[in-house]
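Notes follow once the structure below has been shown.
Please treat every number below as a calculation from the coordinates, not as lab data. Everything quoted here is computed from the prediction, not taken from an experiment. Virtual Cβ from ideal backbone geometry, glycine too; neighbours counted across all protein chains shown.
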Amino acid sequence: MNDNSSLEDPQHEVLAGVQKVEAISTAWSKWGLIIAYISLLLMANVTALEASTSYLFTPFATSAFLAHSLVSTVTVVQGVVNSVIKPPAAKIADVFGRFEAFTLIVTLFTLGYIQQAASNNVRAFASAQIFYSAGSQGLQILQQIFVADSTDLLNRALFSTLFDVPFLWTTWAGGPVAQSILKHSTWRWGYGIWSIALPVSFLPLAASLFWNQRKAKKMGLIPESQFAGMSIIQILKSLWFDLDFFGLLLLSAAISLILIPLTLAGGAKGGWSNASIIAMIVIGVVCLCVFPFWERSSKLAPKAFFPRDLFQNRTVLAGVAIGFLYFMAFYLSVFPYFSSYLLIVQGESITATGHIVQTFSFTSTVSSIIVSFLIKYTAHYKYFVTLGACVYLLGMGLMFNYRREGVSTGTLVGCQIAVGIGGGLLNVPAQLGVQASASHQQVAAATAIFLTILEVGGACGSAISGAIWSHSIPRKLEQYLPPSINNQSALIYGNITLSSGGWPMGSPERLAINRAYQETMSTLLTVAVCVAAPIIPLSLLMKNYKLDQMDQHIKGKVIGDERRGSVVDGTPEVQPQTSKFGGLLNRFRRN
């Protein structure tokens, strides 16, 4: 029996983009799909290497504008965009099609790289995060949607982790690459280089999607545009409801107006009594309160991004709560300030800092690949979520215990290994559990919901860490610095180059600086451990689906499904088939 059959609502209108991708899936050739996945892997390698280097440039970019303390604000801006871009990206993919969505997102990503490289003040650099994060997170959700379109549930976790595999090598390459760029050029080229590499790697995927889309159209499988015969006003009205534009506006306003002031209040004139800070938070809270009422109204939001029936599902609620707390704890402990802590307090080099921080990416990738194989061969996911939650909390506890100045590099790496293993074990199966609770019509929305709440958690973590950082360190520097340099506390706080290399280790000045940063990091890790603790009981609330007994009624060819798409009266239909090949990709055959 299909465990998610209750979610199949025959009255749900299948959006044009979903119809289009089902038609394309029916027209896929084996090599067309292989080329698409090769291109996706090329893009994953580019973005993984970029991610393994660019975070190391952020402190130097903000310090170039004498604003290192605004690292968390930049991160929160990224988090806000990360949170709100996934829903419209998923909606655009559903309304217009996967090819159109990929093209738009890669264009935004490229513009983000260009603007970061060309920025001449911290405001321009922060605003570049809008395009950068829109591209980065939009590409992430589209990759996952593509996997959901082309795989069955049993193989989906395995193929979802393909895009994390590049972190196995970029983890170790990122630090040396960043150090080499800073040595032979500037941080600007560290961003600009990717504006060339990413579009080139996207070309094979674009060609494959476009070619198969044309092929499906010639076969008569592509539906007529839903906007055919409409006036401009009618098209805009349709898009208003299809994209749930006002709902997304409420969500983005709520997140940004609540979280960004948290990172700015410490440095704002008047602090928390500043009228602008208070006004932003009040308006943000109002938007947050209005948002669920808007989404629940069938008249105001007939095609709400957050489908009402999904949020009546216990597994979806538990899964998104796990994602929220997982990323919130991560952004309180590892990002955005852990690299600064390593450079200043532990005196690590840029290369060593990159390796330590990226150990999380390496170990989480390895563990996610292993758990994906285990899910494939056990057809269960829930046990791994619970195991991952326990290991993740253990890792956070180890980071808290070994937060002392002078601790060995091996110990720091060991803590990141534990956090990474836990993160890899719980993240992939938690997302899979949420996806398994949805029909194919809703799988893009379910994926976007999970990844959106994940990023909201990250934004909350960044905001809280920024608030603690901006409140604690300036006061501690004023308290601990020797009288001879006490008047430089603001300069030290705003410039990582000065705080990490201005005075030798062991000097009175450096001891005072390290103490201020050390005590602040201890506070962040205390909060992180408290946030991670509820993940364990939440994992127990998820339903233990048997994945090999579930069917999301995907039309067309999918990896791992013993079925193929055929055409009956111009409509894709799934019929049984016995595969003759052992390999996953060899299960695809021409009609």
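If packing is taken as the average count of other Cβ atoms within 10 Å, what order do 356-368, 286-298, 205-217 fall into, highest mean first?
356-368, 205-217, 286-298
For the pair Phe210 and Ala379, what calculated FRET efficiency results from E = 1/(1 + (r/R0)^6), where r is the Cβ-Cβ distance and R0 = 41 Å, to the nearest 0.05?
E(calc), rounded to 0.05, equals 0.70.
Give me, ordered by chain and number, the residues 5 or more places off Thr151 or on other chains with an amide H under 5 Å from its own placed amide H.
Ile559
Taking a 18 Å limit on the Cα-Cα distance, which of the listed pairs Lys30/Lys546; Lys86/Lys303; Lys30/Lys215 fall beyond it?
With Cα atoms farther than 18 Å apart: Lys30/Lys546.
Going by how many other Cβ atoms sit within 10 Å of their own, how do Ser500, Ser273 line up, fewest first?
Ascending Cβ contact count within 10 Å gives the list Ser273, Ser500.
When a footprinting reagent is the concern and you count Cβ atoms within 10 Å, what order do His184, His471, His355 take, fewest first?
His184, His471, His355
Can you list, bin by bin at 10 Å, the percent of alpha carbon pairs in region 278-379, starting at 0?
P(r) for region 278-379, in whole percents per bin: 12, 22, 27, 23, 14, 2.
Rank-order 401-407, 161-167 by packing density, defined as the average count of other C-beta atoms within 10 Å over each peptide's residues, highest first.
161-167, 401-407
Counting other beta carbons within 10 Å of each residue's own, what order do Met230, Met43 fall into, fewest first?
With the fewest neighbours first, Met230, Met43 line up as Met230, Met43.
Between the alpha-carbon centers of region 381-422 and region 432-466, tell me the distance in whole angstrom.
23
If the limit is 23 Å between Cα atoms, which of Lys217/Lys237; Lys237/Lys299; Lys91/Lys382 go over it?
Over 23 Å Cα-Cα: Lys217/Lys237; Lys91/Lys382.
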